[in-house]
Amino acid sequence: MDSGITVRALHAHAKINLALHVTGRRADGYHMIDSLAVFTRFGDRVEIELADSDGFSVSGRYASAVPLDGNNLVVKARDALRDQAGPRHTPPVAIRLEKNLPVASGVGGGSSDAATVLRGLAETWRLDLDDAQLARIGLSLGADVPMCLAAKPLIARGVGDDLSTVPRFPALGLVLVNPGTAVSTAEVFNALSDRDNEGLPPLPRSLDFHSIRNWLEITRNDLEPAARTIQPAIGKALSVLNRAGAGFARMSGSGATCFGLFETGNVAKRAAVDIRSRHPDWFVAATRSMTSEG
Ligand code: ATP
């Protein structure tokens, strides 16, 4: 099969929950959320190439933290798409993952890798699948995969799969900091004392930096108190971001990665250099969020 392109090189963006309210729990145990999420330019990278036989390899700073077998979400995504489309239309592929995002860290790295592989393989294999069909396959792999397929500023409700994109959302300067400790999402949700909180307030009419920052002040990440109790280093990451001049700092997802909000990309870069020099063993990345236009 001729895909027209020898190697497809793709970005798997980090997902940052700028705000995350836990609004209830379903009978099946899944938590309901109301979250404003953005996606950053910094992330993992995925390469896909038609090959004689299927292959999967991982490089990058966090390669040793992910499974190399069928438990990797990259392999699960490939197999789920092949199951859907049938073996005749899905010839062997070599997939290479550059794992730059810390694992089990609240930035949805595994979900984003899976989403990127679904999109990349659908193109490589020239499958006739629309966004809704891809999202359905994505949801079978994880609740956050559909939002990672969208990879635009959005409000996620339900278990995270009821998505509304937010038009005209600006690019934000962000510094991501992880103090080097994995946090189990299940453990954080189990430790919640309150699961029936109100949803997010309406977004400000004008989506400029200051209005967004003021809006963030009246929202929360409801997972942060429980995660900080389980992993006190999260509190340290937040104070380091504040001391480095972040206009606002909060934990993403179930942690332990925290983000600081900066008015410009340059200020964010300077803050990241400062934090890295004080904490050389931490994960620190200055980046910008993607806009609704990409
Ligand atoms: P979320 O914010 O959606 O909770 P997370 O950032 O906390 O996600 P991930 O980094 O996606 O968590 O990893 C969750 C689990 O999935 C880990 O225990 C890891 O072993 C497994 N996993 C499988 N494949 C991958 C992958 N490609 N990248 C990261 N983790 C993976």
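FYI, it's all coordinate maths here, none of it is from the lab. Just so we're clear, the structure is a prediction, and the values are computed from it rather than from any experiment. Backbone-built Cβ (ideal geometry, glycine too); neighbour counts: all protein chains shown.
Is there a residue in segment 108-122 that is more than 12 Å from the chain's Cα centre (by Cα), buried (at least 19 other Cβ atoms within 10 Å of the Cβ) and closer than 27 Å to ARG26 by Cβ?
Applying the first criterion (more than 12 Å from the chain's Cα centre (by Cα)) to segment 108-122 yields 117-122.
From the residues that got through so far, the ones that are buried (at least 19 other Cβ atoms within 10 Å of the Cβ) too are 117-122.
Filter again for closer than 27 Å to ARG26 by Cβ, leaving 118.
Yes, the conditions are met somewhere in segment 108-122.
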Review point. Among (1) within 14 Å of the ligand (Cβ to nearest atom); (2) in contact (Cβ under 8 Å) with a residue 24 or more places away in the chain; (3) more than 16 Å from the chain's Cα centre (by Cα); (4) in a loop (DSSP other than H, G, I, E, B), which single condition is PRO91 missing?
Key: (1)
Point to revise | Residue selected from segment 27-57 under the condition of a type in the set (Phe, Trp, Tyr) and in a strand (DSSP E or B), by the criterion farthest from MET251 (Cα to Cα) | key: PHE56
Study note, to complete from the structure: For segment 51-98 the number of residues that are more than 17 Å from ALA115 (Cα to Cα) and hydrophobic (A, V, I, L, M, F, W, C) is 4
**Study point:** Flag for ALA115 being over 20 Å from ARG220 (Cβ atoms), free of Cβ contacts under 8 Å to residues at least 24 places away in the same chain and touching a strand residue (DSSP E or B) at 6+ places or on another chain (Cβ under 9 Å)
**Key:** no
Check your understanding: Restricting the first residue to segment 53-66 and requiring it to be away from the ligand (no atom under 12 Å from the Cβ), which pairs with a second residue that is assigned to a strand (DSSP E or B) and among the hydrophobic types (A, V, I, L, M, F, W, C) meet a Cβ separation below 6 Å and a spacing of at least six or different chains?
Key -> GLY55/ALA94
**Study point:** Close pairs from segment 159-185: first touching a residue at least 12 places away in the same chain (Cβ under 8 Å), partner among the acidic types (Asp, Glu) and within 15 Å of the ligand (Cβ to nearest atom), Cβ under 6 Å, at least 6 apart
**Key:** GLY160/ASP144
